[in-house]
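What follows is one structure encoded as structure tokens, with my remarks underneath.
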Amino acid sequence: MDYEAKFEEAIGALKSEGRYRVFMDIARRKGAFPNARHYGDGGERDIVVWCSNDYLGMGQHPDVIAAMEEALHTNGAGAGGTRNISGTNHYHVLLEDELADLHNKEAALLFTSGYISNDATLSTIAKILPGCVVYSDELNHASMIEGVRHSGQKKLIFRHNDVEHLEELLAQSDPNVPKIIAFESVYSMDGDIAPIEAFCDLADKYNALTYLDEVHAVGLYGQRGGGVAEREGLMERVSIIEGTLGKAFGVMGGYITGSRNVIDVVRSYASGFIFTTSLSPVLAAGALASIRHLKTANHLREKHQERAARLKDLFREADLPVMESVSHIVPLWVGDPTLCKQVSDALMDEFGIYVQPINYPTVPRGTERLRFTPSPNHTDEMMADLVSALNIVWERLKITRAA
């Protein structure tokens, strides 16, 4: 076996399909988000970032940076171990209390990423419940899919946000087996939102737990940033709420919130938690400051929604194929992986505009797109420059304007 040849062949297959991923070498400019520096073959240049998940720019906020600097100088860089062996820092305890309060739950548990929190929690909870069946939305994140797979339990997939299909599956199942309904609130590629109340009604009717991934909603929705479930007054009806510290909160890490028993079971049984060095206290301190700030910063959420709506309107006025979205996500349809990369490259090379092409497997083949995430710091002038650049590239590449 020529191992290197096989590896090269695998990479060649991605390149031939137009979906080989290239990392963009950038350095964010402290205090100037969404401005950044790009390091490429032609040297350094200033760019505007249009695809960051730091939705509110909290990764640049003075309170967050000050909290991280204080933690660094008082606690040092790392946690020093797993949570069980010397790695539970006081910042972890404070942050978990803050997260439980944010979602009005009894307890919370930190993980090193949102991916790990989904994988570890779903695999553990489903495995603990004998004969458990997991009902999973077909567009759930890869981390949720992996968590269910690792549980070894039965999975039934329901059509995206389809309440009737979910009920059909629930009605066909043994009423005595444990059940988990797993779904997201905001789906990050299409920008649509789950019918959370209807799913909770079904959970009550069929005696199921609900597992809600709010990673693209925490900090952004609800009076205190608790997510879509808070905005709709449904947090108490959701069994487990999972979120991230790496998007709207601007730092890094993942978490779950729920009853004390649920949290204790995951803490005690999940290998993805038990055997992982805990989150740096520096990161925990930054996330703590960010959450505390956003609990009383509803003006930022309002500005964020206004900026997203404004960009959608500008795309429509320019006859650019913006996909329908009821959230802050602004997807622009391309429908071809090679074209998608060409548009992204042209925007960067010619206009200093960075937006990442979104190709399979992140989205289904034939639905390739550019995904814009305007923040409160994206100005009208930046938006005008973006639309002008897109029109030039769209015409040159002869891309359809029908989404």
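Details
- Single residue of region 361-373 satisfying the filter (under 17 Å from the mean Cα position of the chain (by Cα) and open to solvent by 30 Å² or more (accessible area, probe 1.4 Å)) that is farthest from Leu320 (Cα to Cα): Pro361
- Which listed residue, of Val163, Val148, is under 20 Å from Thr244 (Cβ atoms) and either at pLDDT below 95 or not basic (Lys, Arg) (or both): Val148
- Just one of (1) in contact with a Pro (Cβ under 9 Å, 6 or more places away or on another chain); (2) part of a helix (DSSP H, G or I); (3) surrounded by fewer than 15 Cβ atoms within 10 Å (Cβ to Cβ) fails for His73. It is (1).
- Residue match in region 122-129 (condition: under 30 Å from Gly286 (Cβ atoms) and either hydroxyl-bearing (Ser, Thr, Tyr) or part of a loop (DSSP other than H, G, I, E, B) (or both)): yes
- The residues on offer are Glu306, Glu324, and the sole one that is at pLDDT below 95 and out of contact with any Asp or Glu (no Cβ under 6 Å at 6 or more places or on another chain) is Glu324.
- Filter result (under 22 Å from Ala248 (Cα atoms), of a type outside the set (A, V, I, L, M) and touching a residue at least 40 places away in the same chain (Cβ under 8 Å)) within region 1-34: Phe33, Pro34
- Among the candidates Leu170, Leu202, Leu166, Leu156, the residue that is more than 19 Å from Gly131 (Cα to Cα) and either assigned to a strand (DSSP E or B) or open to solvent by less than 30 Å² (accessible area, probe 1.4 Å) (or both) is uniquely Leu202.
- Subset of region 251-283 that is touching a residue at least 24 places away in the same chain (Cβ under 8 Å) and of a type in the set (S, T, N, Q) - its residue that is least open to solvent (accessible area, probe 1.4 Å): Thr257
- In region 77-121, the residues that are hydrophobic (A, V, I, L, M, F, W, C), closer than 17 Å to Ile274 by Cβ, in contact (Cβ under 8 Å) with a residue 40 or more places away in the chain and assigned to a loop (DSSP other than H, G, I, E, B): Ala79
- Some residue of region 351-358 being surrounded by fewer than 18 Cβ atoms within 10 Å (Cβ to Cβ) and either over 25 Å from Met58 (Cα atoms) or free of Cβ contacts under 8 Å to residues at least 40 places away in the same chain (or both): yes
- In region 205-222, residue surrounded by the most Cβ atoms within 10 Å (Cβ to Cβ) [restricted to those that are over 20 Å from the mean Cα position of the chain (by Cα) and not in a strand (DSSP E or B)]: Ala208
- Residue check, Asp63 closer than 30 Å to Gly233 by Cβ, touching a helix residue (DSSP H, G or I) at 6+ places or on another chain (Cβ under 6 Å), of a type in the set (D, E, K, R) and surrounded by 13 or more Cβ atoms within 10 Å (Cβ to Cβ): yes
- The set of residues in region 288-330 that are in a helix (DSSP H, G or I) and under 16 Å from Asp385 (Cα atoms) comprises Arg307, Ala308, Arg310, Leu311, Lys312, Asp313, Leu314, Phe315, Arg316, Glu317.
- Some residue of region 129-141 being without any contact (Cβ under 8 Å) to a residue 24 or more places away in the chain, touching a strand residue (DSSP E or B) at 6+ places or on another chain (Cβ under 6 Å) and surrounded by fewer than 20 Cβ atoms within 10 Å (Cβ to Cβ): yes
- Scanning region 175-199 for residues that are touching a residue at least 40 places away in the same chain (Cβ under 8 Å) and either touching a helix residue (DSSP H, G or I) at 6+ places or on another chain (Cβ under 7 Å) or within 16 Å of Cys132 (Cα to Cα) (or both) yields Val177, Pro178, Lys179, Ile180, Ile181, Ala182, Phe183, Ser185, Val186, Ile193, Ile196.
- Qualifying residues in region 374-383 (those that are in a helix (DSSP H, G or I) and open to solvent by 60 Å² or more (accessible area, probe 1.4 Å)) - the one nearest to Arg301 (Cα to Cα): Asp380
- Conditions (1) under 14 Å from Gly286 (Cα atoms); (2) in contact (Cβ under 8 Å) with a residue 60 or more places away in the chain: number failed by Cys51: (1)
The values are calculated or read from the model by the stated rules, or taken from the named source; none is laboratory data. These figures come from a predicted structure and were not determined experimentally. Neighbour counts run over all protein chains shown; Cβ positions are idealised from the backbone, glycine included. Remember, those area values only see protein heavy atoms, side chains included, never the ligands or the DNA or RNA. Shrake-Rupley method; radii C 1.70, N 1.55, O 1.52, S 1.80 Å.
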